[in-house]
Amino acid sequence: MPLLAAAQLRPLRGPFELDAGPLIHPVVLVLIMMLALAAAFFILRRSRRWRLVGPAAVAERELVRLLGLRLAEQGRLKEHYALLAACLRRYVAAVYGLPAPALTPTELATALAPGSMDPGSVDYLRRVLGTGDLVRFDHTGKTPEEARADVLGALDVIRAASSPTSASAA
């Protein structure tokens, strides 16, 4: 193999210089920043909503979750009314200090002092808890629409009982 002459050798060169411009295009950077801000907003908004504490807030979350489960629409009325009754009993026990899980619907309605809750709400609780007992023993023919309406009614009762106007009137 012939030796290369010194004239044939080329000098060493450094890396090629590319004119690539900025590493991240400004539009992409703006989009990333907007997505990060939107994610932070939604996380903050959700954490504020879940930070609401107290029996009313807990009951509202449970009832909204119950609506989302759509148990009545799946023909699971027993489970639907069991969760609804348990939620309402926990709420009444926490707010009014009654042993709600140990009382029948009529005893619970009687135990609620006339001034502690709106009479219509007391009647609603007695009716829904009674329906829950009937459903548990297969003695009622509630439709999914009626079951959903019972949960929405429970939300109305809890919101009315925890509203600032009802708290200042008591």
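The values are calculated or read from the model by the stated rules, or taken from the named source; none is laboratory data. Just so you know, these numbers come straight off a predicted model, no measurement behind them. So basically every Cβ, Gly included, is an ideal-geometry build from the backbone, and we count neighbours across all protein chains shown.
What are the residues in segment 63-122 that are within 11 Å of Val151 (Cβ to Cβ), out of contact with any helix residue (DSSP H, G or I) (no Cβ under 7 Å at 6 or more places or on another chain) and not charged (D, E, K, R), if any?
Result: Val64, Gly68, Leu69.
Working carefully through the options Val64, Val135, Val95, Val128, find the one that is β-branched (Val, Ile, Thr) and in contact with an Asp or Glu (Cβ under 6 Å, 6 or more places away or on another chain).
So the residue among Val64, Val135, Val95, Val128 that is β-branched (Val, Ile, Thr) and in contact with an Asp or Glu (Cβ under 6 Å, 6 or more places away or on another chain) is Val128.
Mind checking which residues of segment 24-47 are surrounded by fewer than 11 Cβ atoms within 10 Å (Cβ to Cβ) and at pLDDT 90 or above?
Met33, Met34, Leu35, Ala36, Leu37, Ala38, Ala39, Ala40
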